[in-house]
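The values are calculated or read from the model by the stated rules, or taken from the named source; none is laboratory data. These numbers were taken from a predicted model, which means no experiment stands behind them. Heads up, the Cβs are rebuilt from the backbone with ideal geometry, glycines too, and the neighbour counts pull from every protein chain shown.
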Amino acid sequence: MSWFEALSSALAANPLLAGGVGTVAFGAAMYVLRAAPEKLLDGLGKTVWTKVYVESLSNEYRDVDAFIETRRLDFFSRSLEMKDGALKTGFGGGWGVYAGTLFRYSKTKSSQQAAPSETITISFLTRDRGVVERFMRDCKPEDHRNSISVSLYAAGGASGALRRRKRSLDTVFVDREIKERLVRRFEWFLGSEEWHAARGVPWKLGVILHGPPGTGKTSLIHALASDFGFDIKYITSLYGLGAAFRSGSKTDLFVIEDIDAIAGGLDRTGAAPAGADERGPRVSPLHEILNAMDGMQTPDGLKFIVTTNHVDRLDPAIVRPGRIDEAIEIGPLSRDCARQMFRAFYGRDGIGAYAPRPGAFLQQMFSTMSADAAEAELARLAAAAPPRAEKVA
């Protein structure tokens, strides 16, 4: 029983308050007393509290959720839930202390959207924004600082997330010119917001990587995100692409792999392809996809990379200049790059005769053969390959 309830019961038993006038006066007094703390907190909220909202769709949500559990005051917050095999802060509100600063939090769930979402609201008893920034940095576990988040987006919205260990561009065996071109483009883009604004050009970057399977497109994206500190939002369906893009931040890199495969049946009318279940989601009109990539729905700072093994199968409107800012072909490895890969696997120089092969092919060979056997096999394949003009690196 709260102190308000206890006081109410005690005073209600007083015969002096049994009459109508006394009851009205008592009720008014209780209303004022009950409202006073709320009004006081509201007033403080506008003057001395600094508030931050963390949505479950964000990359930081799980880290914040776990960190609050280590800082909350048990006396004021007893609500818990089981998540990921451990006790975590439950829904409701509570109080905690971080670096000598008092904070209060509330955790709520919403089912109004296509995919249920959760929100954590944290109010810090300080006007120092630096406290909030340090809190968000400290939320990230040490092992997460050497990893990136990969969030999955399906037709209904976010459908889960995982973490991948960071990977250096030096470990990706793609021709050096390609890596340098991508790095230069992203470096320039990240510092070009004012340049775009001054010229009325949308501040977004669209890249397409195309080429045969196994040439390192996925590995290159992973390493590029790692080197720039991006988190990846991985699109598994083109339905709701605009909503997915709008959910991103300046540190997110959107990835649409094998777009020719997931865009099957995509057209300009939205008609369902032959044999499709009419009760299921209809094919999204092509113009919705195009507007998400470069149109009224495109948010500032958007960065996306599209991959395909068959660029010729895509609608020309998807890959036109302006919608795609960089189109980069990634083919089999040159002799120079193959020799670098050989040296990384075997610790010595090698490879004489050589016909260009995809990086994935060489990786499997170098992972299962001795150096001498791999060199012999590559020489055999080179001798059997038809003559071709090879670019000398």
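Scanning region 141-174 for residues that are part of a strand (DSSP E or B) and under 29 Å from residue 212 (Cβ atoms) gives 148, 150, 151, 152, 153, 154, 162, 164, 165.
Here is a yes/no grid of residues against (1) crowded, with 21+ Cβ neighbours inside 10 Å; (2) assigned by TED's automatic domain parsing to the domain that holds residue 61; (3) in contact (Cβ under 8 Å) with a residue 24 or more places away in the chain:
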| site | (1), (2), (3) |
| --- | --- |
| 178 | no, no, yes |
| 185 | no, no, yes |
| 197 | no, no, no |
| 201 | no, no, no |
| 212 | no, no, yes |
| 220 | yes, no, yes |
| 246 | no, no, yes |
| 258 | no, no, yes |
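Between 216, 229, the distinction of being in the same structural domain as residue 300 (by TED's automatic domain parsing), surrounded by 21 or more Cβ atoms within 10 Å (Cβ to Cβ), under 17 Å from residue 183 (Cβ atoms) and of a type outside the set (D, E, K, R) belongs to 216 only. Considering only residues that are in contact with a strand residue (DSSP E or B) (Cβ under 7 Å, 6 or more places away or on another chain) and among the β-branched types (Val, Ile, Thr), which ones fall in region 303-357? Across region 303-357, the qualifying residues are 305, 306, 307, 308, 311, 319, 324, 328, 330. Can you name the residue in region 35-75 that is basic (Lys, Arg) and exposed (fewer than 13 other Cβ atoms within 10 Å of the Cβ) and, of all such residues, is modelled with the highest pLDDT? Here the residue is 51. Residues that are of a type in the set (D, E, K, R) and within 26 Å of the chain's Cα centre (by Cα) were ranked within region 321-341; the one that is nearest to residue 182 (Cα to Cα) is 326.
Among residues of region 331-344 that are without any contact (Cβ under 8 Å) to a residue 12 or more places away in the chain, none has a beta-carbon under 7 Å from a residue that is assigned to a helix (DSSP H, G or I) and of a type in the set (S, T, N, Q) at least six positions away or on a different chain.
Taken over region 343-365, residues that are closer than 26 Å to residue 210 by Cβ and outside any loop (DSSP other than H, G, I, E, B) amount to 9. Among the numbered conditions (1) modelled with pLDDT under 95; (2) at negative phi, the only one that residue 207 does not meet is (1).
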